[in-house]
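Q: Sending over a structure as structure tokens; questions will come in a sec.
The numbers here are math on the coordinates, done by the rules we state, and not lab data. Since this is a predicted model, take the numbers as computed values, not measurements. Because the Cβ atoms are built from the backbone with ideal geometry, glycine has one as well, and the counts that use them run over all protein chains shown.
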Amino acid sequence: MSGASITKLTLDGLRDSLQQVGYRVEAATDPVAGVSYLRSATGGLAFDIRPGNQLPDSDGSFVDAAFTAVLQVQGELPLDLVNRWNVTRRFGRLQLSHPFLVFCLDVSVAGGVAPDYLRAQIEIWDRLVQELIAYLRDELRQLSARNGSVSPTASQGSAQQAANEAGASATMQ
């Protein structure tokens, strides 16, 4: 992207921005809603980039997007673990809607932003995903130690490894 202010997003533009910082990105279409989105991964955790509010010019551009990773939880995951993440992290948020744990970061270009801002948002997402993987690994290990037995685990790339190392039993995919 050029040095001009970014006032709208497109899937192609977002794909280019993600590829410039080293992500592999593929386009996908939600079979139920018929909506196109992007799919990528970092640290072994797959995530989607879904377009948000469309602009009235109807050229497929939008003013915001949601970076979202969904993990499937099998077993019990204490809500205080989710709340503690949300209290200690500023940008990304977790939501437990059993059986899913959803991690999300909204990116908006409303009013216009510099290209470096968009890149910084992508870097924040990457950093938060890495922190989330470590957080889940540590919290699940502690939960397992406190319970002395079976507790939640995570299952998807590094999240799975983290949970397996913790010896936990509920699963997040």
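Q: First measure r as the distance between the Cβ atoms of D57 and Y117, then evaluate 1/(1 + (r/R0)^6) with R0 = 22 Å and state the FRET efficiency to the nearest 0.05.
A: Computed FRET efficiency for D57 and Y117: 0.50.
Q: Have a look at S17, T42, V107 and report the one farthest towards the positive end of the charge dipole of the stretch 1-127, computed about the Cα centre with Cβ charges (Lys/Arg +1, Asp/Glu -1).
A: T42
Q: Based on the Cα atoms of the stretch 11-129, what semi-axes does the equivalent ellipsoid have, where each is the square root of 5 times one gyration tensor eigenvalue, given in whole Å with the largest first?
A: 25, 17, 14
Q: What order do you get for 117-125, 79-87 when each peptide is scored by the mean count of other beta carbon atoms within 10 Å, highest first?
A: Top to bottom by mean Cβ count within 10 Å: 117-125, 79-87.
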